[in-house]
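S.K.: Take a look at this one; I'll ask things after.
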Amino acid sequence: MEFTIALGVGGAALLIVGAVLFGVIAQFIGETRTGFEWLVDAIAFGIGALVASEFIVAWQAAGPVWDGLAIVPALIGGLVAGLVVEVATRRLTGGHYTHGAMSA
């Protein structure tokens, strides 16, 4: 079995835009303690999307493929990895998902 990435320029651009969009949306939900939490979330989303789209071969037939990017598996893999990292970074940095003062 050969491991190759068959992602074209358009697919890579879509993956990057989706990852940055996820990171920016996650940054605006609740209160973060760092200004760069969005970047960590975006990187996790991008890695999860790439792995799910390219290396989980059984998922490549599940949905549309655009320029080498299997869209549905990439979205699922990106959301799973991105949400896990988002929750972990938010908890570890002391942020929370509500605005305003929190009661003890």
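S.K.: Residues that are in contact with an Asp or Glu (Cβ under 7 Å, 6 or more places away or on another chain) and of a type in the set (D, E, K, R): does region 44-58 have at least one?
M.R.: no
S.K.: Give region 82-93 a look and list any residue that's farther than 17 Å from Val17 by Cβ and either open to solvent by less than 80 Å² (accessible area, probe 1.4 Å) or under 12 Å from the mean Cα position of the chain (by Cα) (or both), or say none.
M.R.: Within region 82-93, Leu83, Val84, Val85, Glu86, Val87, Ala88, Thr89, Arg90, Thr93 meet the criteria.
S.K.: State which residue is surrounded by the fewest Cβ atoms within 10 Å (Cβ to Cβ) when the search covers only region 1-19 and only residues that are at pLDDT below 90 and aliphatic (A, V, I, L, M).
M.R.: Among those residues, the one meeting the criterion is Met1.
S.K.: So, one more: Tell me which residues, restricted to region 60-81, are farther than 14 Å from Phe22 by Cα, modelled with pLDDT of 85 or more and out of contact with any helix residue (DSSP H, G or I) (no Cβ under 7 Å at 6 or more places or on another chain).
M.R.: Ile71, Val72
S.K.: From the list Phe36, Phe22, which residue is free of Cβ contacts under 8 Å to residues at least 12 places away in the same chain and either open to solvent by 80 Å² or more (accessible area, probe 1.4 Å) or touching a helix residue (DSSP H, G or I) at 6+ places or on another chain (Cβ under 9 Å) (or both)?
M.R.: Phe36
S.K.: Only one residue in Ala61, Ala52 is open to solvent by 30 Å² or more (accessible area, probe 1.4 Å) and farther than 19 Å from Tyr97 by Cβ, so which one is that?
M.R.: When all the criteria are applied, what remains is Ala61.
S.K.: Take Glu54 and tell me if it is at pLDDT 80 or above and either under 12 Å from the mean Cα position of the chain (by Cα) or on the phi > 0 side of the Ramachandran plot (or both).
M.R.: No: the conditions fail for Glu54.
The values are calculated or read from the model by the stated rules, or taken from the named source; none is laboratory data. Note that the structure is predicted; figures quoted are calculated from it, not measured. Using ideal geometry, Cβ is built from the backbone for each residue, glycine included, and neighbour counts are taken over all protein chains shown. Ligands, DNA and RNA are excluded from the accessible area calculation, which covers all protein heavy atoms including side chains. Shrake-Rupley method; radii C 1.70, N 1.55, O 1.52, S 1.80 Å.
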